[in-house]
Amino acid sequence: MGEALALAARAMGRTSPNPMVGAIVLDSEGNVVGRGWHERAGAPHAEALALKEAGARARGGTLFLTLEPCAHQGKTPPCAPAIVEAGISRVVAASGDPDPRVAGKGFQILRSGGVSVETGLCAEEAVRLNEAFFVSVEEGRPFVTLKVAMSRDSKIAPPSGGERWISGEKSRAWAHEFRDRVDAILVGVETVLKDDPLLTARPEGREGKPLIRVVLDSRLRTPVGARSLPPDRGVATIVAATEGADRENEKGLTRAGAEVVRLPSDPEGRVALTPLLLELGKRGVRHLLVEGGGRVHGAFLKEEFVDKLMAFVAPMIIGDGGLPGAISGAEIDRLEGNSGLLHVDRQRIGDDILIEGYLRKPPWADLKESSLV
Ligand SMILES: NC(=O)c1ccc[n+]([C@@H]2O[C@H](COP(=O)([O-])OP(=O)(O)OC[C@H]3O[C@@H](n4cnc5c(N)ncnc54)[C@H](OP(=O)(O)O)[C@@H]3O)[C@@H](O)[C@H]2O)c1
């Protein structure tokens, strides 16, 4: 199962709206005769690939699967009947699939076809790997990770004209890699106006599924020359505006390569976050990385849309004139102390400390590790 999970993880950031899945077929003597993983939505499923490689040797064999096989016709045929058809006698699956079109039905088809089914092996690892998928299916919105880089005095930007970077080079490289694992990244228009960030994934660009950049910009103030607009090296940009935003500005932004999406306003006249998240969900975004700045962080925290917090704390004091973040180091400690921040992990990255934790209970929290249940 460990190998099947490693196969699944190869497609990290590429499979949405589908989950990552890995599969291994053993013949009746226990030899590995087929391997597969789901590369992207629309591509063959892991079990179909593993069964194809195994061919007739699958008969009487065991299939290790990181997720329940699908029971419905999607872009590819359903896998559960194909497993029965291939003559597999035993399926060991790490976890069920929360998708209502599958949940329990995949296992049911297997059992009805005479296949013995065991579930729960490495369940925690399997659900953890697909935590964004599980939460997104459950909540009907993308899983949200909030990333912030702050100084020791909890400032997220220096006074204007100061050195732009807060976190160190290693942290920035780490964060770039992380972008490559998500489906979309989001910033507020003030960040675009002040920093004009590129918002790409890795320096060499991204292959496979494009990364969606989202700029929250109620009144379409994004300059047409902003570096984050042109579709480039596997990224595409959505500028999220309100219904009343200027039509002329929209034309300019569209010409620059962005898509303008108009959404309802919140009571303060800004883009309302619930319709935004639903819209991103419709576009297959399972994992959204909210990068900032402070007002955007504050809005996501206030509405309790943040699933996971990722805070880089750099060993510097910015002092007066710096921009205070929506969450401070002291607040993180307080949340950790009163169980408002769960499964907290601290690691050193270069000179910075990365604090990660969950603001909501993750879907794998109560699963037993590495056991058949
Ligand atoms: N250290 C870090 O981790 C980090 C990360 C990113 C940015 N930054 C820094 O943060 C600073 C900018 O932060 P900021 O707080 O001034 O601005 P921001 O969060 O980048 O952008 C806020 C703007 O987004 C628009 N917006 C639209 N819908 C919104 C909604 N529902 N909720 C909140 N905002 C919405 C609003 O402008 P409209 O009303 O015009 O739409 C709002 O003023 C920059 O200096 C940048 O360098 C730091």
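Only a single criterion out of (1) over 30 Å from Ala258 (Cβ atoms); (2) crowded, with 18+ Cβ neighbours inside 10 Å is not satisfied by Gly188, namely (1). Within the stretch 204-226, restricting attention to residues that are farther than 25 Å from Ala41 by Cα and more than 14 Å from the ligand (Cβ to nearest atom), the residue that is surrounded by the fewest Cβ atoms within 10 Å (Cβ to Cβ) is Gly225. Scanning the stretch 161-173 for residues that are more than 8 Å from the ligand (Cβ to nearest atom) and not in a helix (DSSP H, G or I) turns up Gly161, Gly162, Glu163, Trp165, Gly168. Listed by first and then second residue, the pairs with beta-carbon distance under 6 Å, at least 6 apart or on different chains, first residue in the stretch 56-84 and within 13 Å of Ile109 (Cβ to Cβ), second basic (Lys, Arg), are Ala71/Lys105; His72/Arg101.
Among the residues of the stretch 278-292, the ones that are crowded, with 22+ Cβ neighbours inside 10 Å and at pLDDT 95 or above come to 8 in all. Only a single criterion out of (1) surrounded by 19 or more Cβ atoms within 10 Å (Cβ to Cβ); (2) within 13 Å of the ligand (Cβ to nearest atom); (3) assigned to a helix (DSSP H, G or I) is not satisfied by Ile156, namely (3). Taking the stated definitions as given, is Arg213 at pLDDT below 90 and within 22 Å of the chain's Cα centre (by Cα)? Judged against the criteria, Arg213 is not a match.
For the stretch 108-119, name all the residues that are part of a strand (DSSP E or B) and under 30 Å from the mean Cα position of the chain (by Cα).
We begin by selecting, within the stretch 108-119, every residue part of a strand (DSSP E or B); these are 116-119.
Of everything in the stretch 108-119, those that are part of a strand (DSSP E or B) and under 30 Å from the mean Cα position of the chain (by Cα) turn out to be Val117, Glu118, Thr119.
Scanning the stretch 128-144 for residues that are within 16 Å of the ligand (Cβ to nearest atom) and buried (at least 22 other Cβ atoms within 10 Å of the Cβ) yields a total of 2.
Residue check: Gly162 meets all listed conditions (1) modelled with pLDDT under 95; (2) of a type in the set (Gly, Ala, Ser); (3) buried (at least 24 other Cβ atoms within 10 Å of the Cβ) but one, namely (3). Among residues of the stretch 312-337 that are more than 19 Å from Asp351 (Cα to Cα), those with a beta-carbon under 6 Å from a residue that is away from the ligand (no atom under 15 Å from the Cβ) and among the aliphatic types (A, V, I, L, M) at least six positions away or on a different chain give the pairs Leu335/Leu341; Glu336/Val344. State yes or no: is Phe107 at pLDDT 95 or above and crowded, with 24+ Cβ neighbours inside 10 Å? When the stated conditions are applied, Phe107 does not pass them. State the number of residues belonging to the stretch 174-199 that are within 15 Å of the ligand (Cβ to nearest atom) and either farther than 18 Å from Leu309 by Cβ or among the polar types (S, T, N, Q) (or both). Going through the stretch 174-199 one residue at a time, the tally reaches 12.
The values are calculated or read from the model by the stated rules, or taken from the named source; none is laboratory data. Bear in mind that the values here come from a model prediction, so they are computed numbers and not experimental data. With ideal geometry, Cβ positions are generated from the backbone for all residues, glycine too; neighbour counts draw on all protein chains shown.
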